[in-house]
1. Return the pairs, sorted by first residue and then second, in which the second residue is of a type in the set (Ser, Thr, Tyr) and not in a helix (DSSP H, G or I), the first residue lies in the stretch A:54-83 and is assigned by TED's automatic domain parsing to the domain that holds A:SER218, the beta carbons are less than 7 Å apart, and the residues are 6+ apart or on different chains.
2. Applying the selection to the stretch B:95-138, what residues are more than 8 Å from chain A (Cβ to nearest Cβ), without any contact (Cβ under 8 Å) to a residue 12 or more places away in the chain and touching a helix residue (DSSP H, G or I) at 6+ places or on another chain (Cβ under 7 Å)?
3. Given the criterion buried (at least 23 other Cβ atoms within 10 Å of the Cβ), farther than 30 Å from B:ALA55 by Cα and either free of Cβ contacts under 8 Å to residues at least 12 places away in the same chain or assigned by TED's automatic domain parsing to the domain that holds A:GLY77 (or both), identify the matching residue among A:ALA205, A:ALA189, A:ALA250.
4. Residue by residue through the stretch B:171-185, note down the ones that are in contact with a helix residue (DSSP H, G or I) (Cβ under 6 Å, 6 or more places away or on another chain) and among the aliphatic types (A, V, I, L, M).
5. Applying the selection to the stretch A:66-89, what residues are of a type in the set (Gly, Ala, Ser) and either under 17 Å from A:MET244 (Cα atoms) or assigned to a loop (DSSP other than H, G, I, E, B) (or both)?
6. Tell me the residue from A:ILE276, A:ILE242, A:ILE247, A:ILE281 that is over 26 Å from B:VAL146 (Cβ atoms), at pLDDT 95 or above and under 17 Å from the mean Cα position of the chain (by Cα), please.
7. Could you tell me which residue of the stretch B:35-48 is farthest from the other protein chains (Cβ to nearest Cβ), considering only residues that are closer than 19 Å to B:ASN12 by Cα and buried (at least 21 other Cβ atoms within 10 Å of the Cβ)?
8. Given the options B:THR57, B:THR36, B:THR47, B:THR64, name the one that is among the β-branched types (Val, Ile, Thr) and without any contact (Cβ under 8 Å) to a residue 24 or more places away in the chain.
Amino acid sequence: MLFTALFGSVEQGIIYAIMALGVYLTFRVLDFPDLTVDGSFVTGAATAAMMIVLGYHPILATITAIVAGFIAGCMTGLLHTKGKINPLLSGILMMIALYSINLRIMGLTAENAIVRPNIPLLNSDTVFTQFQSFWGNLGIDTALTDFLKNTLGLKTAPSTWGTIIIVLIITLAIKFIADWFLKTEVGLAIRATGDNKRMIRSFSANTDTLIVLGLGLSNALVAFSGALIAQYSKFADVNMGIGMIVIGLASVIIGEAIFGTKTIFRTTLAVVAGAIIYRIIYAVALRIEWLDTGDMKLITAVIVILALVIPQVLEKQREKKRKAKRRIERQHELAQGGNRLA
Amino acid sequence: MLKLEGINKIFNEGTPDEKIALDNINLHLAPGDFVTIIGSNGAGKSTMMNMISGALTPDFGSVTIADQEVTRLPEYKRSKYIGRVFQDPMAGTAPTMTIEENLAIAYSRNTKRGLRGGVSRSRKDFFRTSLEKLHLNLENRLNAKVGMLSGGERQALSLLMATFTRPAILLLDEHTAALDPSRAELITNLTKQLVEENQLTTLMVTHNMQQAIDLGNRLIMMDKGQIILSIDEEKKPNLTIPDLMAEFENIRGEKMNSDRALLG
């Protein structure tokens with residue numbers, strides 16, 4: 001049982017990793033705390049679900065969702081750069097605006113209403129069912145299941161390996177594209193914008209444009225993740241984005257703490273891993289008897305707080321130890337010096 | 001190369017804090033001119049630099065760089081023509097990025113930034129040979145993060161980044177003031193070397209009178225938003241600090257009150 005439950009968490013974690021990469025792009029690279037995420041995640045899910053229900057191809061629906069997220073991110077960027085609104089407030093304003101917009105987007109599928117709070121995708125064609133019809137014919141599933149059951153002696157096995165394979169391919173592709181992009185001329189300029197605005201302006205780069213572009217790309221990834229989650233769980237809901245920014249942040253911080261940030265390649269990998277680890281922690285926490293699903297937001301907040309505080313405490317203790325060691329060495333030296341004098 | 005005509009700027013106009021920062025500034029620089037600027041605090045030196053770089057726009061008057069009127073051009077568009085080194089060694093580089101990435105950013109100054117890789121192999125070679133000129137062994141640390149460098153090293157890197165694309169104008173805003181004397185000397189020598197090599201038209205603000213006398217072919221003195229003294233190419237080689245002090249007293253009818261200007 002546990003294996004299958006964790007297997008599902010890993011699948012979801014890999015999809016959420018795309019969102020986490022988006023959060024990494026704003027929080028870390030651009031140094032812009034972007035709260036649009038809570039809204040744009042749902043925008044992605046709502047757009048994809050709406051189009052799928054209306055009969056469009058799931059891939060087209062997903063691409064449209066990505067574009068919608070890009071536009072939402074650019075709007076936040078424009079609020080900040082052209083409207084001169086504080087970054088946090090720009091994101092919050094956009095997040096609130098998107099709540100209504102998302103209801104309208106899903107409302108496009110309703111026959112006698114303008115807004116709609118959710119769309120089920122139970123019998124719809126999604127990118128996953130499409131891939132499954134191709135994957136199922138390959139016979140890899142039966143082979144792997146046989147291996148798990150007969151050779152390793154597991155009682156249950158995942159119903160399919162297709163989903164994890166396809167999401168892994170998508171997420172790793174995005175990770176590698178992000179690595180490449182952050183080393184291009186535009187990518188370097190975006191990173192410098194987060195690092196030292198005055199400097200990059202003196203090298204003829206328009207920081208306003210770069211911020212808008214960075215926010216657009218970040219929210220495009222977030223919406224992509226939302227679109228895939230909606231298709232994965234066969235459900236889009238207007239409240240599915242609540243706390244998404246904190247989950248993204250938790251993934252980034254957990255990943256960075258465990259795997260380090262030495263190079264970009266390593267950091268993006270850490271972010272992906274962080275997202276998967278977060279989902280596993282989530283799944284394990286839910287199996288604790290006295291915890292309820294409703295407690296998850298609190299647990300997420302606690303994880304982020306711990307991940308932020310513990311490294312500081314550790315660093316302080318290390319410093320204390322270093323100082324103590326130096327004091328002892330110094331006393332030792334003095335004692336020796338005293339001996340020489342005597 | 002650079003023409004400032006009738007530049008005026010008033011800060012906090014119409015409030016009790018009103019301050020005339022620049023009062024009818026006229027300045028012409030021929031190609032290859034290296035002008036040092038001295039003056040006490042609040043004389044308008046930095047404001048003038050910001051007018052040229054585009055960080056500030058004048059209330060009236062015009063700025064022309066390389067025969068192009070740029071008065072209203074935003075900073076990021078103008079910086080195609082302008083290399084700039086700030087006083088703060090942290091200001092001119094991006095600390096979390098590597099040396100080669102910082103150089104790549106500076107290298108793209110003149111071109112439209114696209115999806116090309118920032119650090120290609122041929123650029124790397126160019127960066128390495130450029131860094132060798134600094135004699136700081138930075139050419140062997142291309143992948144080190146700039147945040148790990150000392151203030152002097154960062155300032156030397158800033159100077160290289162500002163000059164190696166040969167901008168039309170080089171602005172140096174007290175770029176040695178925040179360094180200890182030996183580092184300051186290193187940067188001063190590098191400045192001389194890089195400006196000569198690239199034949200840059202340069203404007204340098206300094207608090208150090210000796211430095212102002214040693215470097216460059218022209219010197220101007222500013223006070224209360226005006227250029228009060230301009231020493232040309234012929235007179236500059238024989239200039240001494242007492243000369244400058246006497247000139248100031250002559251013009252303003254008061255003693256120069258800045259110890260900092262003397263001691264640097």
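The values are calculated or read from the model by the stated rules, or taken from the named source; none is laboratory data. As the structure is a prediction and not an experimental result, all values here were calculated from the model. No Cβ is skipped: glycine too gets one built from the backbone with ideal geometry, and neighbour counts run over all protein chains shown.
1. That search, which allows pairs on different chains as well, returns A:LEU54/A:THR109; A:PRO58/A:THR126; A:ALA72/A:THR36; A:GLY73/A:THR36; A:THR76/A:THR36.
2. The one that is more than 8 Å from chain A (Cβ to nearest Cβ), without any contact (Cβ under 8 Å) to a residue 12 or more places away in the chain and touching a helix residue (DSSP H, G or I) at 6+ places or on another chain (Cβ under 7 Å): B:GLU132.
3. Result of the check over A:ALA205, A:ALA189, A:ALA250: A:ALA250.
4. B:LEU171, B:LEU179
5. If we filter the stretch A:66-89 for residues that are of a type in the set (Gly, Ala, Ser), which is where we start, we get A:68-69, A:72-73, A:77, A:83.
Across the stretch A:66-89, the qualifying residues are A:GLY69, A:ALA72, A:GLY73, A:GLY83.
6. Details: A:ILE242 fails: at pLDDT 95 or above; A:ILE247 fails: at pLDDT 95 or above; A:ILE281 fails: at pLDDT 95 or above.
Only one candidate passes the filter, namely A:ILE276.
7. Let us first name the residues in the stretch B:35-48 that are closer than 19 Å to B:ASN12 by Cα, namely B:41-48.
Now drop any that are not buried (at least 21 other Cβ atoms within 10 Å of the Cβ), which leaves B:43-45, B:47-48.
Working: B:ALA43: 23, B:GLY44: 20, B:LYS45: 18, B:THR47: 16, B:MET48: 16 Å.
Per the criteria, the residue is B:ALA43.
8. On the way: B:THR36 fails: without any contact (Cβ under 8 Å) to a residue 24 or more places away in the chain; B:THR47 fails: without any contact (Cβ under 8 Å) to a residue 24 or more places away in the chain; B:THR64 fails: without any contact (Cβ under 8 Å) to a residue 24 or more places away in the chain.
Of the residues listed, the single one that is among the β-branched types (Val, Ile, Thr) and without any contact (Cβ under 8 Å) to a residue 24 or more places away in the chain is B:THR57.
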